[in-house]
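Take a look at the structure set out below.
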Amino acid sequence: MSETATGRGWAAQDVRRELHSELLEINMGPQHPATHGVLRLLVRTDGEIVHGVTAHIGYLHRCAEKIAEGCDWRQWMVYTDRFDYLAPINMNFGYAVAVERMLGVQVPERAEHIRVICAELQRIASHLIAIGTFGLDMGAWTPLLYCFREREEILNILERLSGGRMLYNYFDIGGLRFDAYDGFERDVLAFVNIMEQKIPEYDTLLSYNKIFIERTADVGVIDLATCLAYGCTGPVLRGAGVPFDCRKDDPYSIYDRFEFDIPYGEGEQGTVGDCWDRYMVRMREMYESCRIIRQAVDALPGGPVKAEDLKKLVKVPQGSLYTRTESSKGEIGFHIFADGGSKPFRTKVRSPSFSNLHVIEKVGPGMMLSDLVATVGSLDIVLGEIDR
Amino acid sequence: MEATAIHALLQSRFGDAVLDYVDGFEKGSLVAPGRVGEIAAFLRDDPALGFESLMCLTGLDWDGYDATGKGKSVDILGYDELGRPEASDRVGDGDLGVAYALYSPRHGHKHALYVRVPRAAPEVASTAGVWPTAAWHEREAWDLVGIRFAGHPDLKRILLDEAWEGHPLRKDYVMPGAWQGVPLDGRDYAACKWDESGVTLPDDVKRQDAATGPETGNQG
């Protein structure tokens, strides 16, 4: 530092310019725990201030869309599990709905209800991870353990249901692979009863914790215009103050029969669209999911769980269709091009985290480095789904 | 607004650049690849249309589409005993294309845009200036299908490595047997040697293959 700078003291306006040196490029990832998977963020920093962020993705790329060209329509379901491995049921759901719309298949009532119950259980499980690891990013260890405690119950139910603990492959084109076990409703209701009592506990533990609010409110603000331009969906878009949810605004399955609200960010602790808003949207969505599950369990009818007029080897008529559904991360879309054969001609997966991560290159510059960690955490990305 | 009305509006505005109305599961317009940028800007900015949201951008290879059920990729044929892929002489001859799925949050309507470009010169105008989200989707379309987007701010591979050769989602793509010394067919690469001619497998690996049959190693 030059003598003049010392002479004027630290408060002088142009000290920072005098201190300014070359920008330092640092790699955040690919093995950094705060990047939620194998993501590499190339960050250009001046001290602790971020000047530019470039996301390098593709470490988990398996070209599932190429694999689809070699599978028949039913077989590819198992690969959709592997996109968002924290919410595979939501991925299954998206693909099943996309293909069924093109086939014009009527899914049996019982299957629809079980699907909704599973999808909402999965949404809670995924949000629990989002909340727990977000707390972890902010230096709060304890909430993660509680989140995993409840998530474990969901995994137990889904394991009893499908046989798998992580990747379920439970949905099938035209319904479900097999019916639910005896006592499924009882287990689900028991879980929902517990879960609804636990949500206020999380609020006390994390949401309204003063340190947590200091770290997340007014941090990483993503406004509505940016969300629209960058294709952000799900809790990121809702955190920006818009109650947009495919379950209500582009209805699929039987969601139109249930009563539930769409939580959205209101800038309660700071600015609309900050990290706290996105976090809180997830927290409130878990409660709404519990409401949906209760209604679906009440209305659960008997009957078959597979569309009976559907052949083993389905052939989707020629044409293309983009279908979107609401996963826990946002809008999961399948743009399917069928040539009339027994295999998909082209299936493009529009994954929510792909677009949600893109926005970091826009909002990152100007942040403190520690706020960048908070923002990435609040986006709740899953790299399996970004890289496909 | 109905898809036919949207199409008519586009046609009255852009004339020849709007080629055809596409009817099917989803309704849309086939437009000229060079002018998709200005058409996109109009779709977004016109108050009656208001397509502020690009839901999805898909690059695809139309090769073999029209022969129903015949639109097949070159399967990974198998590997010879040196671990190199068996060659295929199939050459794709169809067009490449891009599909845009649009949504208007203001009006709640949807529309699709389609573009077809010849395989020999696959260039489409970029829409990244209109919908910033297109920037990454277009990079993906370049990476996996090999469509160039004129006017894209930073067109480079996104999912695959910069040094990768070829575009996997083309129907005539043949997967390489190895990449930078790493065999891609699931063998124990620590035991393999690599030189310009390909991967050399140690004798015991070859013997094992011969004893257990093709299902252990030769399927891609």
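Assorted remarks:
- Residues in the range A:267-304 reached by a label modelled at A:Lys248 [backbone nitrogen below 15 Å; 7 Å Cα→Cβ]: A:281-282, A:284-292
- Where A meets B: accessible area buried, both sides, 1.4 Å probe, Å²: 3800 Å²
- Residue-averaged 222 nm ellipticity for chain A, from DSSP H runs of 4+ at -39500 (n - 2.57), nearest 500: -14000 deg cm²/dmol
- Global geometry of chain A, whether rounded, prolate or oblate, following the gyration tensor of its Cα atoms and the 1.5 cut on a/c: prolate
- Interface residues, the range B:25-69 - accessible area loss of 50 Å² or more versus chain alone, probe 1.4 Å: B:Phe25, B:Glu26, B:Met55, B:Cys56, B:Thr58, B:Tyr65
- A simple rule links phi to the HN-Hα coupling: the Karplus curve 6.51 cos²θ - 1.76 cosθ + 1.60 with θ = phi - 60°, which for the range A:361-376 gives 5, 8, 8, x, x, x, 7, 6, 4, 5, 6, 5, 4, 4, 5, 4 Hz, with x for Gly and Pro.
- Inter-part distance where the range A:147-204 and the range A:346-361 are each reduced to a Cα centre, Å: 27 Å
- Inter-label distance, nm, simple model (7 Å from Cα along the C-beta direction), B:Arg106/A:Ile194: 4.9 nm
- Most fluctuating residue given options A:Ile117, A:Ile26, A:Ile360, as computed from a GNM of chain A linking Cα atoms under 10 Å: A:Ile26
- J(HN,Hα) series, the range A:68-85, from Karplus relation 6.51 cos²θ - 1.76 cosθ + 1.60, nearest Hz, glycine and proline x: 4, 5, x, 9, 7, 4, 6, 4, 6, 3, 5, 7, 5, 3, 7, 6, 9, 6
- GNM top mover of A:Pro352, A:Pro243, A:Pro301 - chain A, alpha-carbon springs below 10 Å: A:Pro301
- At a Cβ-Cβ separation cutoff of 4.7 angstrom, cysteine residues of chain A with no neighbouring cysteine are A:Cys63, A:Cys71, A:Cys118, A:Cys147, A:Cys246, A:Cys275, A:Cys290.
- Ordering B:3-16, A:333-346 by mean Cβ neighbour count within 10 Å, with the highest value first, yields A:333-346, B:3-16.
- Probing with 1.4 Å while keeping every protein chain in the model, the per residue accessible area of the range A:26-387 equals 33 Å².
- Rounded tilt (10° steps) of A:275-298 against the dominant C-alpha axis of chain A: 20 degrees
- Shape class of the range A:220-338 from the Cα gyration tensor (axes a ≥ b ≥ c, square roots of the eigenvalues): oblate, since a/c reaches 1.5 or more and a/b does not exceed b/c.
- Max mean-square fluctuation residue, GNM over chain A, Cα-Cα springs under 10 Å, options A:Leu155, A:Leu121, A:Leu23: A:Leu23
- 5 angstrom amide H check on B:Met55, placed H, neighbours 5+ away: B:Ala101, B:Leu102, B:Tyr103
- Interface residues of the range B:121-151, defined as those with an accessible-area decrease of at least 30 Å² between the chain by itself and the complete set of protein chains (probe 1.4 Å), are B:Pro132, B:Thr133, B:Trp136, B:His137, B:Glu140.
- The fraction of accessible area contributed by carbon and sulfur in the range A:26-74 is 56 percent, rounded to a whole number (1.4 Å probe; ligands and nucleic acids excluded).
- Each residue of the range B:142-151 is assigned a 3J(HN,Hα), and the resulting list reads 5, 5, 8, 10, x, 9, 8, 10, 6, x Hz, derived from the Karplus form 6.51 cos²θ - 1.76 cosθ + 1.60 (θ = phi - 60°), x at Gly and Pro.
- Angle in degrees between helix A:88-103 and the longest Cα principal axis of chain A, rounded to the nearest 10: 50 degrees
- Distant-in-sequence amide contacts of A:Gly29, defined by a placed amide H-H separation under 5 Å and a gap of 5 or more residues or a different chain, comprise A:Leu41.
- Between A:Thr45 and A:Leu24, A:Glu25, A:Ile26, A:His51, the built amide H atoms are under 5 Å apart, and every one of these is 5 or more places off in sequence or on another chain.
- Averaged over A:320-327, number of beta-carbon atoms from partner chains that fall within 10 Å: 5
The values are calculated or read from the model by the stated rules, or taken from the named source; none is laboratory data. Since the model is a prediction, treat every value here as computed from it, not as a measurement. Because the Cβ atoms are built from the backbone with ideal geometry, glycine has one as well, and the counts that use them run over all protein chains shown. When the accessible area is computed, the model is the full protein with side chains, heavy atoms only, and any ligands, DNA or RNA have been set aside. Shrake-Rupley method; radii C 1.70, N 1.55, O 1.52, S 1.80 Å.
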